[in-house]
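**Student:** Mind having a look at this structure? Questions to follow.
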There are 4 protein chains.
Amino acid sequence: MARVLISYFSKSGNTKEMAQSIKEGLDSLGDIDVDLKKVQDTTIEDLRSSDGIVIGSPTYFGVMATQVKQLIDNSIQCYGKLVGKVGGAFTSSGMIGGGNETTIMSILQGFLIHGMIVQGVQKGNHYGPVSVGAPDQEVRDECVQYGNMIGELVKRLR
Amino acid sequence: MARVLISYFSKSGNTKEMAQSIKEGLDSLGDIDVDLKKVQDTTIEDLRSSDGIVIGSPTYFGVMATQVKQLIDNSIQCYGKLVGKVGGAFTSSGMIGGGNETTIMSILQGFLIHGMIVQGVQKGNHYGPVSVGAPDQEVRDECVQYGNMIGELVKRLR
Amino acid sequence: MARVLISYFSKSGNTKEMAQSIKEGLDSLGDIDVDLKKVQDTTIEDLRSSDGIVIGSPTYFGVMATQVKQLIDNSIQCYGKLVGKVGGAFTSSGMIGGGNETTIMSILQGFLIHGMIVQGVQKGNHYGPVSVGAPDQEVRDECVQYGNMIGELVKRLR
Amino acid sequence: MARVLISYFSKSGNTKEMAQSIKEGLDSLGDIDVDLKKVQDTTIEDLRSSDGIVIGSPTYFGVMATQVKQLIDNSIQCYGKLVGKVGGAFTSSGMIGGGNETTIMSILQGFLIHGMIVQGVQKGNHYGPVSVGAPDQEVRDECVQYGNMIGELVKRLR
């Protein structure tokens, strides 16, 4: 069975809520083992054993949060083992506006450097889901659809 | 049979040479119809009918050349029709150093906005092949491997 | 007297309206000769003779529009002559959401490659003004403040 | 007297060597108090009391290292107090090629979000100095010139 990891860092709860909606979108497809974890609890083995990796971070100064970068930097331990896996990213921003797109791109760049596969979103936030403040219904729907898209890509690639 | 389009803009011939090496890498896989074209001769129908689209541009001020952006802007005519196709990008830079990575990213962003699928490179220039000046053997090899990677992804996704 | 050029491309009129608000912010400072022009009418001499250059583009596939890239590519004619000048960028997006930040960054990258000076925005859209659809009062105010910021930086640097 | 902080993270010593060359370029101007520090030893007061802040990081997965992001994230404590200061960035990359430009941009984005002022480099690596492996004489010279440029901009702005 395909396995997708959703790993997130959340202080306000907004990024966590987005993560849960993405899980919902993945679960709805069936036949995918979805693992939802805090970034602090995510292990190198989690990365290695997943077919898809979706990472969420708040927008901190236009780049993923330190805690998320820590996981990405640690992933050097499995460098070369993630080639061809699917990657995705999402972000929420709090009071400090701006920098959402570059935050998502900062995560996707790490995936590309691992030789991973990334898909953009034709309808909605193109690089990955963005929530300004708490996710409303529209953002939650977008996250569910993003989960769908990631899951379908993982299945196509197996 | 899968179809991959390589569309490039080249003034000095360097980007063209890279395009030819990428074609070689794609051709070597067999069972792929590879179309190599100048960006000026590339039609919307070419984009629409391809399973993979690889675009090359010289590095002009850290972003793809005007002639390449023209094709990307014209692609609004088939917006929604490229979802799930594979995209790739490469660049050469002349005398003015710097901006290679952001040039490749400027093309990949367009692909993501189309809902297309992009893979990074684990070994070599991670976002896509880069040549500083005329491509030497190392760059040509990297382009051949990039063609391989794109072709294999296109095949996996069919 | 300091001279600031605002050069824009606008199809819907939204980017033009933003340009006019930025002009208002610059004019309010006094002692600055502000030139507002379509990008198609902007000459190399305009770039060369300005102390500050602010460029606006709609968001087309996450990068400035072809017409704007044409001006940036033409600026190779005055390469080395823009060092130390102030640059700024703004964008409006239409129906196709996403890509605003990367569009602004695509313009700022060109400025950095020219050796120009760029300031971020602490309050508001951090990389430069963004309007989703027609500019409302909040966006217009942000544009006026951006004009202020650019004008003050130009004055500090003279 | 103007004060410029150079804050770096270095494991191999390469980024540290670049930092020292940038200090040399700043020192040569005279009348600037230059503070060279490890990022781990850099305090919020250091950021607040400087007229210019130059940050160096190795290239880790296309984005600044965790240790550097930690400083940027901590800088929320002086958010609003860095407006109008000068920022600069540099990077070295080890075995894993690629991602240098995006690493520098990831730091510059933080500066822009603080409302800081950034200058590009006309000659050399345009977004800021890059060393692939240990800095050779050419890279060291580029770092000295970058120090000059930063110092002159800080002086112009006082």
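The values are calculated or read from the model by the stated rules, or taken from the named source; none is laboratory data. A quick note: this is a predicted structure, and the numbers were derived from the prediction, not measured. When we count neighbours, we look across all protein chains shown, and the Cβ atoms used for this are built from the backbone with ideal geometry, even at glycine. What goes into the accessible areas is simple: the full protein's heavy atoms, side chains included, and nothing from ligands, DNA or RNA. Shrake-Rupley method; radii C 1.70, N 1.55, O 1.52, S 1.80 Å.
**Student:** Just give me the residues in segment A:76-85 being within 11 Å of chain B (Cβ to nearest Cβ), on the phi < 0 side of the Ramachandran plot and not charged (D, E, K, R), in sequence order. Talk me through it step by step, then tell me what you get.
**Tutor:** Step one: filter segment A:76-85 for residues within 11 Å of chain B (Cβ to nearest Cβ), giving A:79-85.
Remaining after also requiring on the phi < 0 side of the Ramachandran plot: A:79, A:81-83, A:85.
Answer for segment A:76-85, where residues must be within 11 Å of chain B (Cβ to nearest Cβ), on the phi < 0 side of the Ramachandran plot and not charged (D, E, K, R): A:Tyr79, A:Leu82, A:Val83.
**Student:** Can you tell me which of (1) surrounded by 24 or more Cβ atoms within 10 Å (Cβ to Cβ); (2) more than 12 Å from the chain's Cα centre (by Cα) is the one A:Leu108 doesn't meet?
**Tutor:** With respect to (1) surrounded by 24 or more Cβ atoms within 10 Å (Cβ to Cβ); (2) more than 12 Å from the chain's Cα centre (by Cα), A:Leu108 is out only on (2).
**Student:** Can I ask one more? Quickly run through segment B:37-66 and pick out the residues that are within 14 Å of the chain's Cα centre (by Cα) and of a type in the set (S, T, N, Q).
**Tutor:** Scanning segment B:37-66 gives B:Thr42, B:Ser50, B:Ser57, B:Thr59.
**Student:** Hey, another quick one. Looking only at residues in segment B:79-88 that are without any contact (Cβ under 8 Å) to a residue 40 or more places away in the chain and open to solvent by less than 20 Å² (accessible area, probe 1.4 Å), which one is farthest from A:Lys81 (Cα to Cα)?
**Tutor:** The selected residue is B:Leu82.
**Student:** When the residues of segment A:97-122 are filtered to those that are touching a residue at least 12 places away in the same chain (Cβ under 8 Å) and part of a loop (DSSP other than H, G, I, E, B), which remaining residue is farthest from A:Cys78 (Cα to Cα)?
**Tutor:** Among those residues, the one meeting the criterion is A:Gly97.
**Student:** Considering only residues of segment B:123-133 that are in a loop (DSSP other than H, G, I, E, B) and touching a strand residue (DSSP E or B) at 6+ places or on another chain (Cβ under 8 Å), which is nearest to the other protein chains (Cβ to nearest Cβ)?
**Tutor:** The selected residue is B:Tyr127.
**Student:** If I filter segment D:20-43 down to residues being among the hydrophobic types (A, V, I, L, M, F, W, C) and touching a Lys or Arg at 6+ places or on another chain (Cβ under 9 Å), which single residue comes out as farthest from D:Gly151 (Cα to Cα)? Quick ask: steps written out before the conclusion?
**Tutor:** As a first pass, look at segment D:20-43 and keep what is among the hydrophobic types (A, V, I, L, M, F, W, C): D:22, D:26, D:29, D:32, D:34, D:36, D:39.
Those still in the list that are touching a Lys or Arg at 6+ places or on another chain (Cβ under 9 Å) too: D:29, D:32, D:34, D:36.
Working: D:Leu29: 7, D:Ile32: 7, D:Val34: 10, D:Leu36: 14 Å.
If we take residues in segment D:20-43 being among the hydrophobic types (A, V, I, L, M, F, W, C) and touching a Lys or Arg at 6+ places or on another chain (Cβ under 9 Å), then D:Leu36 is farthest from D:Gly151 (Cα to Cα).
**Student:** Is there any pair with a first residue in segment B:146-158 that is without any contact (Cβ under 8 Å) to a residue 40 or more places away in the chain and a second that is in a helix (DSSP H, G or I) whose Cβ atoms are under 7 Å apart and which are 6 or more apart or on different chains, and what are they?
**Tutor:** B:Arg156/A:Leu157
**Student:** Ok, one more. So in segment D:134-144, with the set limited to residues that are touching a helix residue (DSSP H, G or I) at 6+ places or on another chain (Cβ under 6 Å) and part of a helix (DSSP H, G or I), which one is surrounded by the most Cβ atoms within 10 Å (Cβ to Cβ)?
**Tutor:** D:Cys143
**Student:** Which numbered condition trips up D:Thr91, out of (1) modelled with pLDDT of 95 or more; (2) away from chain C (no Cβ under 14 Å); (3) surrounded by fewer than 24 Cβ atoms within 10 Å (Cβ to Cβ)?
**Tutor:** For D:Thr91, the failing item is (3).
**Student:** Quick one: which residue in A:Ile32, A:Ile76, A:Ile44 is of a type in the set (A, V, I, L, M), out of contact with any helix residue (DSSP H, G or I) (no Cβ under 8 Å at 6 or more places or on another chain) and open to solvent by 10 Å² or more (accessible area, probe 1.4 Å)?
**Tutor:** It is A:Ile76.
**Student:** Continuing with this model, one more query. Which one of the conditions (1) facing another protein chain (nearest Cβ under 7 Å); (2) open to solvent by 10 Å² or more (accessible area, probe 1.4 Å); (3) closer than 27 Å to C:Leu108 by Cα does A:Val118 fail to meet, given that it meets all the rest?
**Tutor:** All conditions pass for A:Val118, except number (2).
Okay, residues lined up against (1) within 27 Å of D:Ile113 (Cα to Cα); (2) within 14 Å of chain A (Cβ to nearest Cβ); (3) modelled with pLDDT under 95:
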site	(1), (2), (3)
C:Ile44	no, no, no
C:Asp51	yes, no, no
C:Val54	yes, no, no
C:Lys69	yes, no, no
C:Asn74	no, no, no
C:Gly87	yes, no, no
C:Gly98	yes, yes, yes
C:Leu108	yes, yes, no
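**Student:** Which one is most open to solvent (accessible area, probe 1.4 Å), of the residues in segment A:56-67 that are assigned to a strand (DSSP E or B) and within 14 Å of chain D (Cβ to nearest Cβ)?
**Tutor:** Residue satisfying both the conditions and the ranking: A:Tyr60.
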